[in-house]
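I have placed the structure first, in the form of structure tokens, so that the comments after it can refer back to it.
The values are calculated or read from the model by the stated rules, or taken from the named source; none is laboratory data. Computed from a prediction, not measured in an experiment: that's the story for all the values here. Here the Cβ positions follow ideal geometry from the backbone for every residue, glycine too, while neighbour counts run over all protein chains shown. Side chains are part of the model used for accessible areas, which takes the heavy atoms of the whole protein and leaves out ligands, DNA and RNA. Shrake-Rupley method; radii C 1.70, N 1.55, O 1.52, S 1.80 Å.
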There are 2 protein chains.
Amino acid sequence: MATLIDIARSNEANQNEIIEKVSSFEEIDKNIFIEKIKKGEYVVPLNIKNKNKRKIIGIGDGLTTKVNVNIGASPKLSGLELERKKLHSAIKYGADAVMDLSIGNKASEVRKMVIEESTVPVGTVPIYEALNNVKGKGVEYLTKENLFDTVEKQGEEGVDFVTIHAGVLFEDVYKMKSNPRLAGIVSRGGAITAEWMLKNKKENPFFEYFDDLLKILKKYDMALSLGDGMRPGAIKDATDYYQIEELKILGKLFKKANEFGVQTMIEGPGHIPLNQIEKNIKLEKEYCYNAPFYVLGPLVTDIAPGYDHITAAIGGALAGYYGANFLCFVTPAEHLHLPDEKDTIDGLIATKIAANASDIAKGNKKAIKRAEEISLARKNFDWEKQKALSINPDEVERRLKLKGVAEDGVCTMCGEFCSMKRMNSLN
Amino acid sequence: MATLIDIARSNEANQNEIIEKVSSFEEIDKNIFIEKIKKGEYVVPLNIKNKNKRKIIGIGDGLTTKVNVNIGASPKLSGLELERKKLHSAIKYGADAVMDLSIGNKASEVRKMVIEESTVPVGTVPIYEALNNVKGKGVEYLTKENLFDTVEKQGEEGVDFVTIHAGVLFEDVYKMKSNPRLAGIVSRGGAITAEWMLKNKKENPFFEYFDDLLKILKKYDMALSLGDGMRPGAIKDATDYYQIEELKILGKLFKKANEFGVQTMIEGPGHIPLNQIEKNIKLEKEYCYNAPFYVLGPLVTDIAPGYDHITAAIGGALAGYYGANFLCFVTPAEHLHLPDEKDTIDGLIATKIAANASDIAKGNKKAIKRAEEISLARKNFDWEKQKALSINPDEVERRLKLKGVAEDGVCTMCGEFCSMKRMNSLN
């Protein structure tokens, strides 16, 4: 079967359903969409096996900002049932994609459920499952075969995009031992890769055998998400040598992948102060040929455990405005514990707010129209319409019921002193 | 008694305790502080009657970003006991100031409690209490005497700063009838003033008799917060004619007040998209002689009722970075109902995150040091220290207990696959 890049590069372009769907939803010219797919500036994560099984989403500059939800069991907590609930809540509340980051002995079971039940694209980090092959022994016993076979297996199962930490190189990890940064490596996949390299004194197999990886990905048209193993885990480490060196490597890998016909995104930070966000986005676009940028946060302060969905929404909104294309959600549980279902919903809504705020700021017509419509409903005291247009109607419903609002049309904030009521009565 | 501006303008400057305290806390040169007080670029809200009764806070460019919490009963909901709880939670969780916005028959009682019990500066909107003088009759029966007597009475009681909507002018309100904006006037005080003017066909008394107002304020060294009655209540209305015309008027009033020796801040929006925030801050600084800018939000989207503490944290962080000095909190109840105690705490923490993120971005040394310290505690698995340095230790404690985290040192997110644990073990 032809991959999306192949289709875009061939004469079949006009006939392809994916291209039609995305360009129509995003209200952009189909030919521009095709050009951008060719160049690798747009990614549509969808395993060849999943046609008609998943929502089709486009990721890239000029398209609406998309949101990913991470779910997955950890060795400490959770299992199939909780992760199923989290998956379906994520879909219900509007996630554009989910990543199953399960690790430990429940990983395969949870992933199969997610692939089976998800109606949005599914991403994974294959090295987590590969680790189960060396269970009981150290990370260093992982082989190249374990890693690549796992990617292939997950492609066969129907994973739509995979995070691969191919830019974490031996030289930089070794350098970090003598020139440490405050928080070191905080990416789970990055840390596993670093440990493997240091213990085996060998280069990262995903880097060394990158062409083999591309062959597997192309077979299933799985999108590649180049992980940022060196992302800063503290404001102090933001935009440092390790982060930027890795970004340059990711840019080179992007170019190879694009030439090979594999759709590719670049992952980004992390903990970044407000004043460095614009620079970070610009560097990614510059070093990585305008590849779609998939950011985690960024978190704009380190001091808010319990509220990192908010620190990430601040950074995400600004990143989206400057050109990040895909926001990975962060939950209030970040830095503390595995998120539960409520944390998952809270994290998703906060990230969707960030995405929406960035879309409005970028002039997206649909986002602006929706803001106008809800404001008009507010002025007209049309509570049902406000609820329907809101980012989470269930929460509006809950609050309206709880506080006895709107009994006589006005809310309990001001009662008869409602400014809108007063002004409406004067017209 | 001499007011703070008088002291700064006299030779007593070096002896004044307020000047010593603020410049030492903010780690700035005392002489710069004195210069800025003279120019009106810094405000320290503190009624002359309250020396030693309130926390002394400085507001202005180069000082840490401050956070205000609004409390107050409405005619629909709440009363003395709930507002007392909200007040003490606001102080406990780090509000720099509180405004009592009580309206209706409980207003006087609640305000007296707040003035008596608050350890942080207290602000009010005197027109709310003045309205009780015309109870049962329309807003139009308010007289100039009702308004000014109420300001004087509240000064005598010990209010530290007052919001006065002196920039809402007859001409613009009248113009709005034929040239409406989407959400009209959404400021409660602004709407009351507009209604009064339209029904009486007279100019705003606070504008017309501004000199009389200044005399009262000066007597108590009450700070003046020039309300933005024309603030946009929808993204569509952001930075429009009405908002900017009022801002220009506020700039002129600021100049008068400063010359008279009254400390003055400018209030700002409101609903503003991300991409217009920088411009809004620059316009305020330009039109208002670098007067401290006190913003409500800004909210960067209209579609998130139930989550407007987050939309406001996004806007507030960015506003603070570009030069807003004082952030008025917004709670998750905004647009829906009167906030309860939890909403108040959630709104405060979100706004404190915004203030902290902006301080880090502006290079504030204390904020940067605290971020480093908590990140180091995180790397060292020192959960007690992380808790102590966090923005809300109670929430960290609650989550750690709830999810059985840290039983063996690592959290339930990754368990033995914790990247920090792995990396620490390799060093």
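Listing for the model above:
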item	result
Accessible area per residue, Å², segment A:362-427 with all protein chains present, probe 1.4 Å	50
Average accessible area per residue (Å²) across segment B:147-210 - probe 1.4 Å, nucleic acids and ligands excluded	34
In segment A:60-110, lysine pairs closer than 17 Å at Cα, eight or more apart or cross-chain	5
Cα gyration tensor, segment A:28-150 - rounded (a/c under 1.5), prolate or oblate	oblate
Normalised contact order of segment B:165-230, rounded percent, pairs of Cα under 8 Å and 6 or more residues apart	56
Solvent-accessible area per residue for segment A:267-327 (1.4 angstrom probe, square angstrom)	20
Size-normalised alpha-carbon gyration radius of chain B, reference 2.2 N^0.38 Å	1.01
Enclosed volume per residue, in Å³, of the convex hull spanned by Cα atoms of segment A:144-244	96
Most fluctuating residue given options A:Arg370, A:Arg84, A:Arg399, as computed from a GNM of chain A linking Cα atoms under 10 Å	A:Arg399
Length added when fully stretched, A:Leu80-A:Lys248, from 0.36 nm per residue minus Cα-Cα	56.6 nm
Fully extended contour minus Cα-Cα distance, from A:Lys201 to A:Lys177, at 0.36 nm per residue	7.3 nm
Shape call, segment B:239-343: gyration tensor on alpha carbons, a/c limit 1.5	prolate
Extension gain from B:Glu116 to B:Lys30, taking 0.36 nm per residue of separation minus the Cα-Cα distance	27.9 nm
The protein assembly as shown: C-alpha gyration tensor shape, a/c 1.5 cut-off, then a/b vs b/c	prolate
Euclidean distance between Cα centres, segment A:247-265 to segment A:92-171, Å	20
Antiparallel DSSP beta bridges within chain B, as percent of all bridges there, nearest 5	5
Cut-off 13 Å between beta-carbons: net charge of the residues surrounding A:Phe33, Lys and Arg +1, Asp and Glu -1	-3
Model label zone, B:Glu259; criterion: amide N under 19 Å from point 7 Å along Cα-to-beta-carbon; scope segment B:150-188	B:166-167
Proximal lysines relative to B:Lys202, as straight alpha-carbon distance under 25 Å, when same-chain residues fewer than 8 apart are discounted	A:Lys421, B:Lys135, B:Lys137, B:Lys144, B:Lys153, B:Lys175, B:Lys177, B:Lys215, B:Lys248, B:Lys252, B:Lys255, B:Lys256
Computed E for A:Glu109/A:Lys53 - FRET, C-beta separation, R0 22 angstrom, nearest 0.05	0.65
Nm distances between copies for B:Arg84, ranked from closest, using label points 7 Å along Cα→Cβ	5.1
Candidates A:Ala324, A:Ala97, A:Ala333: whichever shows maximal mean-square fluctuation once chain A is modelled as a Gaussian network with Cα springs under 10 Å	A:Ala333
Within segment B:117-140: backbone nitrogen closer than 17 Å to the B:Tyr209 label point (7 Å, Cα to C-beta)	B:126-134, B:140
Other copies of B:Lys112: label-to-label distances in nm, shortest first, labels 7 Å along the beta-carbon direction	7.2
Of all accessible heavy-atom area on the protein assembly as shown, the percent that carbon and sulfur account for (1.4 Å)	51
Interface A:B - total buried accessible surface [probe 1.4 Å, Å², rounded to 100]	8500
Across the identical copies, how the B:Lys385 labels are spaced - nm, sorted shortest first, 7 Å along Cα→Cβ	5.6
Residue of B:Asp382, B:Asp96, B:Asp149 that the Gaussian network model of chain B assigns the largest fluctuation, springs spanning Cα pairs under 10 Å	B:Asp382
Spin-label zone in segment B:213-234 - amide nitrogen under 11 Å from a point set 7 Å from the Cα of A:Leu426 along the C-beta vector	B:230
Segment B:1-66, Rg to Rh (Cα coordinates; Rh as Kirkwood inverse mean 1/r)	0.91
Cα centroid separation, segment B:319-376 to segment A:15-44 (Å)	40
Whole-number percent relative contact order across chain B, with pairs defined as alpha carbons under 8 Å at least 6 apart	15
